1. Could you state the number of Å between the C-alpha centres of segment 259-286 and segment 25-73?
2. Of all trypsin sites (Lys or Arg not before Pro) in segment 56-165, which ones are in loop regions per DSSP and have a Cβ with at most 15 other Cβ atoms within 10 Å?
3. Note down the Stokes-Einstein diffusion coefficient of the chain in µm²/s, whole number, using a Kirkwood radius over alpha carbon pairs, 25 °C, and 0.890 mPa s.
4. In deg cm²/dmol and to the nearest 500, what is the mean residue ellipticity at 222 nm of the chain if only DSSP H runs of at least 4 residues count, each as -39500 (n - 2.57), divided by the residue total?
5. Taking amide H atoms as placed 1.01 Å from N in the peptide plane, list the residues 5 or more away in sequence, or in a different chain, whose amide H sits under 5 Å from that of Leu108.
6. So for each of 175-186, 239-250 I average, over its residues, the number of other beta carbons within 10 Å; can you give me the resulting order with the highest mean first?
7. For Lys165, which aspartates and glutamates qualify as cross-link partners when the Cα separation must be under 20 Å and same-chain residues fewer than eight apart are set aside?
8. Report the label-to-label distance for Ala47 and Arg277 in nanometres (one decimal), using points 7 Å from each Cα along the Cα→Cβ vector.
Amino acid sequence: MFDTDGARMSALADRVAVADSSRQVAQKADVVITCLPKPEHVEQSYAGPDGLLAGFRPGTVWIDHSTTDYQATMRYHKELKDKQVEMVEAPITGGLSALKTGTMVTYLGGDKAVVELVSPILSASYTNLVYLGPVGSALITKVVSNMLCMLNAIATAEAMMIAKKSGLDLHQFWNAIRAGCGNSFTWETSAPSLLRGDYDPTFTIDLHCKDLDLGYQIAKQHKVPIPLHGLVQQISNQAMYQYGAEAACYSGQRLYEESCGELLRSPGFENWSYENRIIDGSVVPQHRDIQTDGE
């Protein structure tokens with residue numbers, strides 16, 4: 001393994017072989033797996049004299065879990081094909097709770113035979129493997145999924161504010177929407193974070209804004225107008241500028257609260273958590289430790 005953070009490698013040195021560079025990993029491994037936060041980190045790992053491209057051997061498979069730039073991914077794929085190296089894109093989704101419980105979902109793009117070859121490796125870490133098609137298809141799906149997530153998060157704050165201003169009990173309101181056609185995974189999981197006031201700090205607003213920008217670039221390439229997602233991108237960027245890059249991922253909800261002069265809070269969610277279950281192909285959160293009146 002290789003990581004730019006030496007401390008992380010030292011912590012695992014008694015269990016894995018530690019490499020000096022990405023290139024050395026590519027030279028020694030038949031299957032190389034990367035998972036990096038931003039496109040620039042993928043590029044740093046891939047290119048240059050110490051990068052993956054310099055070390056890959058014919059027949060190697062590169063599995064990239066990163067949510068990264070579409071155009072760069074397609075360039076990598078072409079360059080690797082010329083070296084007889086296979087690429088499988090495998091962006092992951094589900095959140096920190098799913099990561100802790102081994103219930104993450106991974107979207108897969110690449111040659112189907114190659115994907116099937118490495119599926120046993122992926123199945124060791126992920127509950128649900130969803131094959132989308134050739135390289136590029138999984139990345140587009142992951143980015144659009146994150147765009148929908150942020151749009152739903154902002155809509156969640158607006159819906160909660162209507163309920164608050166109307167004098168409704170927010171806990172009961174949350175449960176009522178869960179039982180109706182307005183429910184979504186984001187409603188299920190972002191609303192409790194909003195109601196306890198932490199806006200989900202398990203992921204940063206900086207990374208969400210990165211994903212929104214990736215989605216904008218894909219839409220622009222295909223000349224698809226995205227007025228709703230464009231507005232969500234503006235709100236999210238404003239939240240990042242105001243609260244900082246490391247602020248919680250749903251800080252756009254906080255921005256909305258401040259614009260309305262009302263906090264959306266409800267008791268009972270202080271110790272809330274959830275685990276994901278896959279039911280008929282859908283991710284369904286199972287809630288834990290929600291207190292109700294009298295408990």
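What follows draws every value from the coordinates through simple rules; no lab data is involved. From a predicted model like this one, the values you see are computed outputs, not experimental measurements. All Cβ positions, glycine included, derive from the backbone under ideal geometry; neighbour counts span all protein chains shown.
1. That distance is 35 Å.
2. Within segment 56-165, the qualifying trypsin sites (Lys or Arg not before Pro) (loop, at most 15 other Cβ atoms within 10 Å) are Lys83.
3. For these conditions, the coefficient is 118 µm²/s.
4. That comes out to -16000 deg cm²/dmol.
5. Those qualifying (amide H under 5 Å, at least 5 residues apart or on another chain) are Val130, Tyr131, Leu132.
6. Averaged packing, sorted descending, gives the order 239-250, 175-186.
7. Leaving aside aspartates and glutamates fewer than 8 places away in the same chain, those within reach of Lys165 are Glu257, Glu258, Glu262.
8. Label at Ala47, label at Arg277, 4.7 nm between them.
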